[in-house]
Structure formats: C-alpha cells, structure tokens
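Have a look at the structure below before the remarks.
The values are calculated or read from the model by the stated rules, or taken from the named source; none is laboratory data. None of these values were measured; they are calculated from a predicted model. Neighbour counts are summed over all protein chains in view; Cβ atoms, including those assigned to glycine, are modelled from backbone coordinates with ideal geometry.
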C-alpha cells in the first residue's frame, strides 16, 4: 500500500527522512522544513539527504542542507518536498479523501508503480524491461480484467 504523510507543522533533522520516505506527502499551510544538521555540526541521517535529493534535485538539496534555512509550505510544494499543500483546517479531510481514493485502487497496480518509481532502471532500456515485467504480472489479475472491462464498457471500475 502507498504510504501517505500528513505534515501539520515543522519538520527538521531526522524528521525529514521520516516524512519524505512516504510515497505521497500532503502538508498544511503551516508545514515548514529545515535541515537542522549544520546547526549542531553533524551530517544528515535517517535517509533525509536521500529523500530530499530524490524529491528536489541536487541544487535545492545542497542549499537546504548547507544553509539550514527554513522552507515554508508553498516553497516546499514548488520544490517537491510536498505533493500538495492545503489549509491547516482541511488537512485531516484531505488525508481521509486521499486514503479512500488509494484504498479503492487495485493493489497489484499500486505495488508495481511503487516498485518502478522507487527503484528505476539504470538505463531507459533497463527500466522498460522492468515495466514490461510489471505489466505482465498485473495483466492477469482480477483487478486488471475488471479495469479493462470497465474501460471497454465506458463505466468506472470496481476493484476488489
């Protein structure tokens, strides 16, 4: 199943690694990110440098960690630390809505997507081979049959 993180306020240090290991990160407008490490003279831990780098790219990640500056919700959204930012009062409802959406999705498809995105191939041909293997493994599932049938019948799929 996908992992969803709800960020209500400040996230710093090792909390970055914990929050950003989620597949989808939704934050309130009160979310704030800070590296924290240079302030205490140590290097990143708990996967924080890995996840920030993957989500934002090397330029933003380097500056975030080296300057220890505060990154507010809107900038975090733009940089890729958040997938979505919502008003604080709406965060719980948005998380519940997202959980319901994901719960209704086909499990094999979500698992395959997670594997492909989490560990991409070294080259395009390598990654395409991984995609081929994943789609073959999904194709025979009841969910795939329902999805294809629903598509051909022009109706919403009802996954089990």
Unmet criterion (only one of (1) part of a loop (DSSP other than H, G, I, E, B); (2) surrounded by 15 or more Cβ atoms within 10 Å (Cβ to Cβ); (3) over 24 Å from the mean Cα position of the chain (by Cα)) for residue 146: (1)
Within the range 34-48, considering residues that are out of contact with any helix residue (DSSP H, G or I) (no Cβ under 6 Å at 6 or more places or on another chain) and closer than 25 Å to residue 86 by Cα, the one modelled with the highest pLDDT: 34
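Exposed (fewer than 11 other Cβ atoms within 10 Å of the Cβ), free of Cβ contacts under 8 Å to residues at least 12 places away in the same chain and touching a helix residue (DSSP H, G or I) at 6+ places or on another chain (Cβ under 8 Å): which single residue out of 120, 58, 125, 156 fits that description? Lay out the reasoning, then the answer.
Details: 120 fails: exposed (fewer than 11 other Cβ atoms within 10 Å of the Cβ); 58 fails: touching a helix residue (DSSP H, G or I) at 6+ places or on another chain (Cβ under 8 Å); 125 fails: touching a helix residue (DSSP H, G or I) at 6+ places or on another chain (Cβ under 8 Å).
Every option except 156 fails the conditions.
Please return the ranges of helices (runs of 4 or more DSSP H) entirely within the range 12-92 where 1 or more residues are under 26 Å from residue 1 (Cβ atoms) and under 19 Å from the mean Cα position of the chain (by Cα).
Because the criterion is at least 1 residues that are under 26 Å from residue 1 (Cβ atoms) and under 19 Å from the mean Cα position of the chain (by Cα), the helices (runs of 4 or more DSSP H) in the range 12-92 that meet it are 14-20, 48-56, 73-79.
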The one condition in (1) loosely packed, with under 15 Cβ neighbours inside 10 Å; (2) outside the structural domain of residue 22 (by TED's automatic domain parsing); (3) at pLDDT 95 or above that residue 93 fails to fulfil: (2)
Single residue of 99, 85 found to be modelled with pLDDT of 95 or more and in contact with a strand residue (DSSP E or B) (Cβ under 6 Å, 6 or more places away or on another chain): 85
